[in-house]
Every structure is written in C-alpha cells, then in structure tokens.
1. Answer with yes or no whether Thr34 is without any contact (Cβ under 8 Å) to a residue 12 or more places away in the chain and of a type in the set (Ser, Thr, Tyr).
2. Does Ser6 count as polar (S, T, N, Q), touching a strand residue (DSSP E or B) at 6+ places or on another chain (Cβ under 7 Å) and surrounded by fewer than 13 Cβ atoms within 10 Å (Cβ to Cβ)?
3. Could you please find all residues in the range 16-50 being exposed (fewer than 12 other Cβ atoms within 10 Å of the Cβ) and of a type in the set (Gly, Ala, Ser)?
Amino acid sequence: MTRNSSTLGRCPDCGEEIDASQSIIEFEDADGSTGVFAECYSCDEVVRPE
C-alpha cells in the first residue's frame, strides 16, 4: 500500500481512490506493518485499501 499525506490507497472492490479523511481505524498487523480500514464512498462499504 502506498501512503502519502492524503491517499491511503484504492478500494479493492471498485478501484476508487481512498482519501485519508475516510479512515475509520488503524491497527498493527502481526508482522508489525500498519493496516487501515476506511469507508469507500463509491461502494458505501468499509474496505481495507490496497
């Protein structure tokens, strides 16, 4: 997942860009990397941006 100050990645379902303001929760994966769940406004679903 590529990160910059305003983009978390893309929706795995529709490909829509997910903005940082759409973030719901951040967490640490077992491997130590940071994961995030965010709301996709296009799908109206909670997704894990890619």
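1. Considered against the rule, which asks whether it is without any contact (Cβ under 8 Å) to a residue 12 or more places away in the chain and of a type in the set (Ser, Thr, Tyr), Thr34 comes out as yes.
2. Numbers: polar (S, T, N, Q): yes; touching a strand residue (DSSP E or B) at 6+ places or on another chain (Cβ under 7 Å): yes; surrounded by fewer than 13 Cβ atoms within 10 Å (Cβ to Cβ): yes.
The answer is yes for Ser6.
3. Ser21, Ala30, Gly32, Ser33
We did not get these values from a lab; they are worked out from the coordinates using the rules stated. None of the values given here were measured: they were computed from a predicted structure. All Cβ positions, even for glycine, are placed from backbone atoms using ideal geometry, and neighbour counts span all protein chains on display.
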